[in-house]
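One structure is given here, and the rest of the page talks about it.
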Amino acid sequence: MRTHYCGHLRATDIGETVTLFGWVDRRRDHGGVIFVDLRDRTGVVQIVSDPERTPESFGTANDLRNEYVVRICGTVSQRPAASLNEKLPTGQVEIYADEIELLNAVRKQLPFQVSTAESESVREELRLRYRYLDLRRDRMAQNLQTRHAVIKAIRRFLEDAESFMEVETPILTRSTPEGARDFILPSRVNPGEWFALPQSPQLFKQLLMVAGVDRYYQIARCFRDEDLRADRQPEFTQLDMEMSFLSQEEILDLNERLVCHVFKTVKGIEVSRPFARLTYAEAMDRYGSDKPDTRYGLELVEVSDLVADSGFKVFSGAVKSGGMVKVLPIPDGNDVISNVRIKPGGDLFKVAAAAGAKGLAYIRVRENGGIDTIGAIKDNLTPEQTQELLERTGAQPGTLLLFGAGPSAVVNATLDRVRQAIAKEMNLIPDDALNLLWVTDFPMFEWNADEQRLEALHHPFTAPRPEEAHDLKTARAQAYDLVLNGYEIGGGSLRIYQPEVQRQVFETIGLSEAEAQDKFGFLLEAFEYGTPPHGGIAYGLDRWVMLMAGEESIRAAIAFPKTQQARCLLTSAPASVDKKQLKELHVASTYQPKLQDEAQ
């Protein structure tokens, strides 16, 4: 039997006889004495086999190679002073192996080095193809430990301190409108009908409030068939919560305490409360984003009113067409950002273009308030307008002013991306800073230009602010997002719990009474039977762990993630299925692959 894990051994264990299991991290032969670093999921410990002191294990030790699986029995000893390793938690001890049993060898050449002592950089595609080996490596092993610790801390806080109950909700459910695209599955026993995988447990957790569960949580698996990026996956995990009889302030307070508990328990970090807050309007105005990174400045300044009548048509035309003009002031930007980088072909121009902008206008502030710019701006600003511009932006000699002009959404997205790129380049982001921010008072709806209708900004079950409920089209929602260092890690709201209000929201987003009844009749009926006021929140657990682990991709926080093409390189999924399976499901594929010559 195993008596200890490798990474748990300390000087207090000296003299004990232990049995360990693990993998050979690396083997070294020092003048006839064999040293083996034995690794399991908790860490590494040094094993020694000496032909004189431990002759029975020496022959086996001599034949060991990296990643062999072994059982080792031996005595914990003090390392000699010359070989102490202060960087290793087990660095004060070593185990003299009385017995080494080879449990399994490596039969093929390793696709990459697994050893914690190796610093080899491995392509992500190769790591995902052999993910079971990648998970043995220290980086991913630590990430999985962090994920486990986060979930454990969440469970203990919610269950032990706040009386939450974990309830599992269905994975096979029905497709409902609003939100991302569903993953759908045909039903074999109900021909012609379909299940959908849940994008979230939203409706079920509201029904649990109707059922009197009162405080629900779940570590929930969710699925969205949407385009991917570094912090998204088609299947993901969220911490889902719902609470009855709590106000918005009480929900925010409880969640602040939860987040502080997780950081303290997992990382030993004390996070101060209360968290900062911005309304949606303030966040968009100052940062151009509803999930702003507030670890640094570089705040935006709107100057639409100042240039509305300007002779510079790019500015005046944007304002007259209902758009805006904003400025990103960059202190000391003149010394860092050249004209070439702003003009077509430059890296900052490309960042702006990726957000939909046609380009960036600029002004360079010189000594004594002088400005250098492209002539069209300078020639169409009066001295008074120039002075007002410098005062509003707080520009000093050396400041670079970058302008965005056009539709509001494009201007905000453009300057937000440029702001982030410049902050990284100029090292404006403090190391180890943790800026937690609530963004509140979102609009209830946004305009979908493609479908020519309003759609819910969060989801159609979000309650409007009571004082604005008389005009839902312009009302603000009782919604809140939690932002950590520019990433949204959680979002929630108070929910609608009166059937008449829910019907009005469905009508506002273009659902007829018949459609609403067909899709959500079960919810509307439940609201007729005494539904308590309630609200909740859901955290993107993968993204939260990614940030706590100091990673830049959500894939590093998931044991078996998909690629950005939504593929599993390990199992080669998705894959074709037997025609017999499709026949049983009463479905057929209409996909026609292009011939090779047509594709070329």
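Using Cα atoms only, what is the angle between the long axis of helix 248-267 and the major principal axis of the chain, expressed in degrees (0 to 90) to the nearest 10?
Roughly 30 degrees, rounded to the nearest 10.
What are the ³J(HN,Hα) values, in whole Hz, obtained from phi via the Karplus relation 6.51 cos²θ - 1.76 cosθ + 1.60 with θ = phi - 60°, for each residue of the stretch 269-276 in sequence order, with x given for Gly and Pro?
Listing the rounded values in order: 9, 8, 9, 6, 10, x, 6, 4 Hz.
To the nearest 10 degrees, how steeply does helix 499-508 sit against the main Cα axis of the chain, on a 0 to 90 scale?
So the helix axis and the longest Cα principal axis differ by about 70 degrees.
Among Gly322, Ile269, Thr279, whose Cα sits farthest toward the positive end of the charge dipole of the stretch 266-331 (+1 at Cβ of Lys/Arg, -1 at Cβ of Asp/Glu, about the Cα centre)?
Going by the charge dipole, the pick is Ile269.
Considering the options Ala117, Ala61, Gly15, tell which one lies farthest towards the positive end of the dipole of the stretch 1-152, charges being +1 on Lys and Arg and -1 on Asp and Glu at the Cβ, about the Cα centre.
Ala117
What number comes out for accessible area per residue over the stretch 459-599 if the probe is 1.4 Å? Units Å², please. Walk me through the intermediate numbers first.
Working: 7480 Å² over 141 residues.
Spelled out: the 1.4 Å probe surface of the stretch 459-599, per residue, equals 53 Å².
Arrange the residues Lys594, Lys152 by how much accessible surface each exposes, largest first, with a 1.4 angstrom probe.
Descending order: Lys594, Lys152.
Excluding ligands and nucleic acids, what accessible area in Å² is computed for Phe445 using a 1.4 Å probe, to the nearest 10?
About 20 Å², rounded to the nearest 10.
Please work out the Cα center distance from the stretch 65-131 to the stretch 242-290, rounded to the nearest Å.
Cα centroid of the stretch 65-131 versus Cα centroid of the stretch 242-290: 42 Å apart.
From the phi angles alone, apply the Karplus equation (6.51, -1.76, 1.60; θ = phi - 60°) to the stretch 195-212 and give each ³J(HN,Hα) in whole Hz, x where the residue is Gly or Pro.
Taking θ as phi minus 60°, the curve returns 8, 10, 7, x, 6, 6, x, 3, 5, 5, 6, 5, 5, 5, 5, 4, 6, x Hz for the stretch 195-212.
Averaging sequence separations of C-alpha pairs under 8 Å and six or more residues apart, then dividing by the length of the chain, give the relative contact order as a whole percent.
Numbers: 1081 pairs, mean separation 76.4, N = 600.
So the answer I get is 13 percent.
Give, rounded to the nearest 20 debye, the magnitude of the charge dipole that the chain has about its Cα centre when Lys and Arg contribute +1 at Cβ and Asp and Glu contribute -1 at Cβ.
Result for the chain is approximately 1600 debye, rounded to the nearest 20.
Ignoring everything except DSSP H segments at least 4 long, calculate the 222 nm mean residue ellipticity for the chain; use -39,500 (n - 2.57) per segment, divide by total residues, nearest 500.
Numbers: 19 runs with 174 residues, N = 600.
Roughly -8000 deg cm²/dmol at 222 nm, from the helical runs in the chain.
Please report the orientation-averaged projected area of the stretch 364-484, defined via the convex hull of its C-alpha atoms, in nm².
On the way: hull surface 47.6 nm².
Averaged projected area of the stretch 364-484's Cα convex hull equals 11.9 nm².
Along the stretch 448-461, what does the Karplus equation 6.51 cos²θ - 1.76 cosθ + 1.60 (θ = phi - 60°) give for ³J(HN,Hα), rounded to whole Hz, x for Gly and Pro?
Computed from phi, the couplings for the stretch 448-461 are 9, 5, 5, 9, 6, 7, 7, 9, 5, 5, 9, 7, x, 10 Hz.
Of the labelled options (i) 64; (ii) 58; (iii) 74, which one gives percent of Cα pairs over 31 Å apart as computed for this structure?
Among (i) 64; (ii) 58; (iii) 74, the one derived from this structure is (i).
As a test of reading the structure, rank Leu126, Leu38 by solvent-accessible area (1.4 Å probe, protein chains only), most first.
Per-residue accessible area, sorted high to low, gives Leu126, Leu38.
Largest first, how would Phe312, Phe245 line up by accessible area (1.4 Å probe)?
In descending accessible area the options line up as Phe245, Phe312.
Could you work out the local net charge near Lys562, counting Lys and Arg as +1, Asp and Glu as -1, over the other residues with Cβ closer than 9 Å to its Cβ? Let's see the in-between values first.
Details: positive: Arg555, Arg567; negative: Glu235.
Within the 9 Å Cβ shell, the charges total +1.
The values are calculated or read from the model by the stated rules, or taken from the named source; none is laboratory data. Source: prediction; values computed, not measured. Virtual Cβ from ideal backbone geometry, glycine too; neighbours counted across all protein chains shown. What goes into the accessible areas is simple: the full protein's heavy atoms, side chains included, and nothing from ligands, DNA or RNA. Shrake-Rupley method; radii C 1.70, N 1.55, O 1.52, S 1.80 Å.
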